[in-house]
Amino acid sequence: MAGEIAIVTIDPETGDVELDLKGFHGKGCHAIQEAVSKALGGDVTATKQKPEYHELPTKTTCITR
């Protein structure tokens, strides 16, 4: 999958929010989840780590001088 996508679903009856992260790897998932939770002012009641959470990021940074 090209890029990262965050899908936010809000239940109109309960106001519950579900965050599904696609294309993220490693601890970047957790950082995004914390940022969204803080922005929405809510508490995280449950999390489910996908297999991608345990993978290393595939992007690399090359610095040349």
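Annotations for the structure displayed:
- Test: residue in the stretch 38-49 that is at pLDDT below 80, assigned to a helix (DSSP H, G or I) and surrounded by 10 or more Cβ atoms within 10 Å (Cβ to Cβ): no
- Yes/no for residue 59 being among the basic types (Lys, Arg), at pLDDT below 85 and over 10 Å from the mean Cα position of the chain (by Cα): yes
- Matching residues, the stretch 9-30, being closer than 18 Å to residue 53 by Cα, touching an Asp or Glu at 6+ places or on another chain (Cβ under 9 Å) and modelled with pLDDT of 80 or more: 18, 21, 22, 23
The values are calculated or read from the model by the stated rules, or taken from the named source; none is laboratory data. Just so it is clear, the model here is predicted, and its values are computed rather than measured. When we count neighbours, we look across all protein chains shown, and the Cβ atoms used for this are built from the backbone with ideal geometry, even at glycine.
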